[in-house]
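S.K.: Would you mind keeping the following structure in view while I ask a few things?
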Amino acid sequence: MNGTIPDNWFTQLRKGVLELCVLKAVQSGREYGYDIVRRLREIRSLMIREGTIYPILSRLKVDGYLDVKVEESTEGPPRKCYRLTARGIRVLESMDSHWSELVDDIQALHKEARS
Amino acid sequence: MKKLAPDANRLVDGYLRSVRMAATQCPAIDPLDIESDVREHIQRAIEDSSEPVDATRVSQILERLGSPLQWLREGGETTDWHRLAMRLRQGPEDWRLAYLSFALLFAAMSFRPMLAAGVTGAFLAARAAVSSIRLRAEPAGAQRWFVWPALFMVYVPLASMLLLWPIAALRFLADLALDAEVLRANLPPTLLGLAERLYAVRLTGFDPVATTRALLNVGHYFSAAVGVWWMIVGLLLTTTPRVAESLFRPFLDRQMRRVGGLIGVLGILLLAFALARGLVKVI
């Protein structure tokens, strides 16, 4: 962790982007929870614990953005497969659009500050 | 499903318990969902491990998962109050009983009507905490600062009473002898005089000088009574220390024999003093 970044700022930023990251991880189709965790763990800049993803998946399901299909498995407990609902797709599109706007605006601020 | 070694199973059960407890504090999430996700995660993570999967491997997986309190905080699922409630319910080191003991003692000290019930409850919680620590074979560590106050509040008066009751008993007998007309009439003069002198040992009108003088007058009788009693106590503690150890746990564990020896020796000295004083008076 960069010692010059205030912890609270990083914590708040991470809270804000995690839902977007989880929805994006599921965007391509049905994904198992474990595979979503593995993908997001590879984003080193997020610096999350693996378990952090599961409450977010649960909340997104309760909010109606994800639906879950349970697949029986011969090798272990049933596996849960997550997929975006129609509502989830709309919310992701809004989040994506807002995120792009935010990134552009911050880039603009950055350029202004440099010049 | 991969088989887990018994200690690995215990680790997983403990972890899932903490997951359930954490998840029930957050209304926005479904605790059953989280639990089944975590079970699935653990099974997927050990897919490539050989059976039975040992505790070290499971520990690594749980370490990467993180504590439920941490993930809920990272994901913004908890408020400070939820985290505090979780902390009180879960640890560190399962300190719930220690917290309860301290809280009850504080309430007992702060609210007079609660004194008796509060101290009793605090003591029982403290004893339960001591038993729990012993079962886990761990040192008490900083928990002792929450647990010991309640124990001291009961042990110190109890030990004082057990060691010094002969003084109160003598005083009571003197009182009885002087109050009962029949006894007063039939007591030999020597004993009547003794009873009167014993009776004089009291804080009448808060006069410490009079009380001290009275005490010096009959101090050797108290000394003899306490000395004899302490010799008996010393003998009991050295021959059967377990009873006293279990009564005053966790203090003086495995040291009761030594303490018994010390009390016995002091008893002998007190009795010797009493006899010497008595002999001097006779001479």
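S.K.: Roughly how many Å² of B:Leu62 are accessible to a 1.4 Å probe, to the nearest 10?
M.R.: Per-residue accessible area (B:Leu62): approximately 20 Å².
S.K.: Just the accessible area for A:Ser94, please: 1.4 Å probe, Å², rounded to the nearest 10?
M.R.: Result for A:Ser94: roughly 70 Å² accessible.
S.K.: Ignoring ligands, DNA and RNA, what percent of the accessible area of chain A is carbon or sulfur (1.4 Å)?
M.R.: The computed percentage sits at 51.
S.K.: Taking chain A as a Gaussian network, Cα atoms linked when under 10 Å apart, which of A:Thr74, A:Thr52, A:Thr85 shows the biggest mean-square fluctuation?
M.R.: A:Thr74
S.K.: What translational diffusion coefficient, in µm²/s and rounded to a whole number, does the Stokes-Einstein relation yield for region A:19-115 at 10 °C and a viscosity of 1.306 mPa s, taking the hydrodynamic radius as the Kirkwood radius over Cα pairs?
M.R.: Estimated via Stokes-Einstein, D reaches 106 µm²/s.
S.K.: Go through A:Lys69/B:Lys2; A:Lys61/A:Lys111; A:Lys61/B:Lys2 and tell me which ones have a Cα-Cα distance over 31 Å in this structure.
M.R.: Over 31 Å apart, Cα to Cα: A:Lys61/A:Lys111.
S.K.: Shifting gears a bit: Rounded to the nearest 100 Å², what is the buried accessible area between B and A, both sides summed, probe 1.4 Å?
M.R.: In total, this chain pair buries about 2500 Å².
S.K.: Heavy-atom accessible surface, probe 1.4 Å, ligands and DNA/RNA ignored: which residues of region B:40-65 lose at least 10 Å² versus the isolated chain?
M.R.: Output list: B:Glu40, B:His41, B:Gln43, B:Arg44, B:Ala45, B:Glu47, B:Arg64, B:Leu65.
S.K.: Give the distance, in whole Å, between the Cα centre of region A:44-86 and the Cα centre of region B:138-159.
M.R.: 47
S.K.: Carbon and sulfur: what percent of region B:213-277's accessible surface (1.4 Å probe)?
M.R.: Ligands and nucleic acids excluded, carbon and sulfur give 73 percent.
S.K.: Sticking with this one: Can you give the relative contact order of chain A as a percent, counting alpha carbon pairs under 8 Å and 6+ residues apart?
M.R.: 25
S.K.: I would also like to ask the following. For chain A, modelled as a Gaussian network with Cα springs under 10 Å, which listed residue fluctuates most, A:Val91, A:Val22, A:Val62?
M.R.: A:Val62
S.K.: Let me ask something else about it. Of A:Leu13, A:Leu57, A:Leu46, which has the largest mean-square fluctuation in a 10 Å C-alpha GNM of chain A?
M.R.: A:Leu13
S.K.: Counting other Cβ atoms within 10 Å of each Cβ, which trypsin sites (Lys or Arg not before Pro) in region B:1-50 have at most 14 and sit in a DSSP loop?
M.R.: Passing both the DSSP loop test and the Cβ count: B:Lys3.
The values are calculated or read from the model by the stated rules, or taken from the named source; none is laboratory data. Treat the numbers as computed from the prediction; the structure is a model and nothing was measured. With ideal geometry, Cβ positions are generated from the backbone for all residues, glycine too; neighbour counts draw on all protein chains shown. The protein model used for the area step is the full one, side chains on, heavy atoms only, and it has no ligands, DNA or RNA in it. Shrake-Rupley method; radii C 1.70, N 1.55, O 1.52, S 1.80 Å.
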